[in-house]
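Here the structure is laid out as structure tokens; the discussion comes afterwards.
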Amino acid sequence: MNNRPIGVFDSGVGGLSVLRELVKLLPQENFVYLADQANVPYGGKSAETIQQLSHQITHYLLTQQHCKLIVVACNTATAAALNYLRQTYVGIPFVGMEPAIKPGAQATRTGKIGVLATSGTFRSQRYADLMARHIDGVELFEDSCLGLVELIENGNLSTPQTAALLRSVLTPMIDVGVDTLVLGCTHYPFVAPLIQRIAGEDVTLIDPAPAVARQVARRLAELTGHFGVVAGKPCGKVKMITTGDPARFNAQVDLLLPPT
Ligand code: DGL
């Protein structure tokens, strides 16, 4: 048995959309969630800066929180820093995330998919490689939804301002026949109901968080044989940490992950 926690990090509250799937799938595990809100948003930062920040967070999660596996619950940090982290922390299991282009390409009937992600993700080599592998015959319409991460961080999940931003992004996509939207930033699932309302019920939204949670479960199962990394029961505590204002973060968590 290994009750050490699983570390999960993001630039802010976005990774909570991944954490909720992890807790659902692996209720016996302990988690430490770190929101780097002193530095949010990551989207416009250079790859070097994001590598530096991800390196510091990983170091903290490993040495101060004794995490057994790290989930990079941020597409932008995965794009900029996952390879670097794997090279730096050899032997530590990492699970990252990337826009779900492949499931999107499989789901579309019109052959047109919209990808909503940050400019950092779109600029990355990782995204270019992903497109090269899965784009085959599918037309992509990309938008970095400038300002949406900040609106979500501020709790504007369904305000007129957020609706106006999303309408300006989604209307041109829907007009050209996009029928599938890939949520390529972990913040965006928190506005999925609004996206669905604006895009229409016929449009399929794809959030990779459940697939990422399954990947974490697979990694744990694989590692169990070697290191015994699966937690015993009863466990299931979640520790929340922010590099920003803890009181504000608590209120955000209450809003985004209401107790069921
Ligand atoms: N939540 C992050 C992502 O998945 C990044 C948001 C940001 O800080 O720009 O890409």
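No value in this document is a laboratory result; all are computed from the given coordinates. Every value quoted in this text rests on a predicted model; they were computed, and no experiment measured them. So basically every Cβ, Gly included, is an ideal-geometry build from the backbone, and we count neighbours across all protein chains shown.
Treating only the Cβ of Lys, Arg, Asp and Glu as charged (+1, +1, -1, -1), what charge dipole size does the range 108-260 show about its Cα centre? Round to the nearest 20 debye.
The dipole of the range 108-260 has a size of about 660 debye.
Which FRET efficiency value, to the nearest 0.05, is calculated for V176 and E150 with the Förster distance at 22 angstrom and r the Cβ-Cβ distance?
So, using R0 = 22 Å, E works out to roughly 0.20.
Could you size up the charge dipole of the chain around its Cα centre, putting +1 on the beta carbon of Lys and Arg and -1 on that of Asp and Glu, and report it in debye to the nearest 20?
Approximately 840 debye in magnitude.
At each listed q (0.12 Å⁻¹), what is the log10 of I(q)/I(0) that the Debye formula gives for the chain modelled as equal alpha-carbon point scatterers?
-0.69
With contacts defined as alpha carbon pairs under 8 Å and 6 or more residues apart, what's the relative contact order of the range 1-125 in percent?
It rounds to 29 percent for the range 1-125.
Starting from the Cα-Cα distance between H59 and Q28, subtract it from 0.36 nm times their residue separation and give me the gain in nm to one decimal.
8.7 nm
For the range 105-164, calculate the relative contact order in percent as a whole number, restricting contacts to Cα pairs under 8 Å that are 6 or more residues apart.
Rounded, it is 39 percent for the range 105-164.
Using θ = phi - 60° and the Karplus form 6.51 cos²θ - 1.76 cosθ + 1.60, what ³J(HN,Hα) does each residue of the range 208-222 get, whole Hz, x for Gly and Pro?
Along the range 208-222, the couplings run x, 4, x, 5, 5, 4, 5, 5, 5, 4, 5, 4, 4, 5, 4 Hz.
Compute the distance from the alpha-carbon center of the range 206-222 to that of the range 24-43, in whole Å.
For the range 206-222 versus the range 24-43, the Cα centre distance is 15 Å.
So if I place +1 on the C-beta of Lys and Arg and -1 on the C-beta of Asp and Glu, and nothing else carries charge, what would the dipole magnitude of the range 1-150 be about its Cα centre? I want it in debye, nearest 20.
Dipole about the Cα centre, nearest 20: 340 debye.
Project the alpha carbons of the range 9-99 onto their principal axes and report the range along each, largest first, in whole Å.
Projected onto its principal axes, the Cα set of the range 9-99 covers 37, 26, 24 Å.
Could you name the aspartates and glutamates whose alpha carbon sits less than 15 Å from that of K112, not counting residues in the same chain fewer than 8 places away?
Candidates past the 8-residue exclusion: D136, E139, E142, D143, D175, D179, D202.
Using Cα pairs under 8 angstrom and six or more residues apart, how large is the relative contact order of the range 1-74, in percent?
Relative contact order of the range 1-74: 52 percent.
If the cut-off is a Cα-Cα distance under 17 Å, which lysines reach K237, setting aside same-chain residues fewer than 8 apart in sequence?
Here the lysines satisfying the reach criterion relative to K237 are K24, K68.
Once Lys and Arg get +1 and Asp and Glu get -1 on their Cβ, which of A164, N83, S124 lies farthest toward the positive end of the dipole of the chain?
Checking the options against the dipole of the chain, the answer is N83.
What spacing in nm lies between the two simple spin-label points modelled at A107 and A132, each 7 Å away from Cα in the Cβ direction?
2.6 nm
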